[in-house]
Amino acid sequence: MDIADESPTAIASYAPEEGGRGMSMLNAMYYFFKPFLPQSARYTMRRLRANYKLQTAKDWPIMESAGEKPPGWPGWPDGKKFALVLTHDVEGQVGLERCQQLAELEMKHGFRSSFNLIPEGEYTVTREFRDFMTESGFEIGVHDLRHDGSLYRNRKSFDECAVAINSHLRDWDAVGFRAGFMFHNLEWLKSLEIDYDASTFDTDPFEPQPDGAGTIFPFVVRGRTPDEGYVELPYTLPQDATLYLILREQTNHIWKAKTDWLAERGGMVLVNVHPDYLAFDGRKPEISEFDASLYEDLLCHVKEKYAGQYWNPLPREMSQYIAGMSPFAPGPRTTLQ
């Protein structure tokens with residue numbers, strides 16, 4: 001995807017074609033039957049698909065063209081070399097119960113992150129929990145509506161869900177959104193009252209909707225009027241589930257290598273780690289977990305190798321920075337949905 005703008009003052013912006021498509025029939029069938037499939041069967045299916053994709057994934061985990069800076073790019077605040085954005089999607093009750101431990105791990109090393117919570121999922125998001133996280137310096141975002149794969153079934157159902165999502169955004173004082181399973185239609189997302197979306201990626205052929213944004217920089221999605229629009233924050237490190245649950249990686253070599261590549265190109269290191277999948281305190285990981293020390297080692301890698309060279313904003317702070325320096329101006333069109 002080309003997100004360049006002819007104007008040297010525009011960091012990056014685009015608007016998808018009107019309308020757009022909903023979920024594919026194959027994806028719709030999978031998410032309909034998913035609740036009835038044993039976990040081991042789901043992982044086996046995903047592993048077979050991923051291994052097949054891996055044979056032809058020439059641009060993963062690094063897409064060289066994605067490292068090109070947008071025209072007029074002024075760099076990061078205070079002359080920092082690159083940005084580091086930490087995000088977490090909380091999928092179930094187990095993940096919710098591990099949020100505090102994950103937050104404490106990050107605070108120990110001086111980092112801040114966002115926790116994206118499902119408003120109408122299997123767990124209850126209390127005001128006390130949200131207050132604790134925000135008062136500790138973290139951010140709360142909205143993660144889908146029910147996280148059952150149905151959000152993008154069609155435009156009508158999306159717009160109906162958008163009403164409920166907007167209500168939760170206001171109630172939680174949240175400004176960020178990420179869809180379940182990284183489904184995305186950047187045109188439809190204009191129905192949400194958000195400052196930013198984080199449902200895309202630079203390159204990831206293993207996702208059910210594998211069309212990537214093709215950039216390691218945040219960018220603006222234009223609205224219909226000059227004062228409308230939102231910032232898109234693509235994740236740029238491979239997802240934890242892909243690496244450790246599907247591809248069965250035993251080290252964080254891929255995370256570190258891509259972080260170094262992103263830092264060299266002055267981009268945004270954005271990672272999504274699910275507390276549901278973390279095995280803390282040296283406990284042997286189960287089939288749906290990986291050792292939390294792998295994530296901690298990534299944080300230590302950044303902290304020690306790039307001391308004083310990175311900016312670690314919350315996603316809402318990143319969106320404010322990008323929106324402030326890149327007005328919602330006319331830009332090229334794209335077919336990314």
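Read-outs: derived from the displayed coordinates by stated rules, not from any lab. Since the structure is predicted, the reported quantities are computational estimates derived from the model, not experimental observations. Every residue, glycine as well, gets a Cβ built from its backbone with ideal geometry; the counts of neighbours run over all protein chains shown.
For this structure, a couple of remarks:
- Relative exposure of 193, 232, 317, judged by other C-beta atoms within 10 Å (fewest first): 193, 317, 232
- When the pairs 58/81; 58/258; 81/256 are compared against a 21 Å limit on Cα-Cα distance, 58/81 fall above it.
- Of the peptides 270-281, 70-81, the ranking by mean beta-carbon count within 10 Å, highest at the top, reads 270-281, 70-81.
- Extension gain for the segment residue 134 to residue 101, taken as residue separation times 0.36 nm less the Cα-Cα distance, is 10.4 nm to one decimal.
- ³J(HN,Hα), Karplus 6.51/-1.76/1.60, whole Hz, each residue of the stretch 275-292, x for Gly, Pro: x, 4, 9, 8, 9, 8, 6, x, 5, 5, x, 7, 4, 9, 9, 9, 5, 4
- Fewest-first sequence of 290, 129, 201 by Cβ atoms within 10 Å of each Cβ: 129, 290, 201
- Where labels lie 7 Å past Cα in the beta-carbon direction, separation of residue 256 and residue 170 in nm: 4.9
- Amide N of the stretch 234-254 lying under 18 Å from the label point, which is placed 7 angstrom from the Cα of residue 283 along Cα→Cβ: 245
- q = 0.12, 0.23 Å⁻¹: log10 I(q)/I(0) that the Debye formula gives for the stretch 180-280, counting C-alpha atoms only: -0.45, -1.28
- Counted by neighbouring Cβ atoms within 10 Å, the residues 168, 109 run from fewest to most as 109, 168.
- Placing dummy labels 7 Å off each Cα toward the beta-carbon, the span from residue 155 to residue 303 is 4.9 nm.
- For residue 104, net neighbour charge (Lys/Arg +1, Asp/Glu -1) across residues whose Cβ lies under 15 Å away: -2
- Overall form of the stretch 117-238 per C-alpha gyration tensor (a/c, 1.5; a/b vs b/c): rounded
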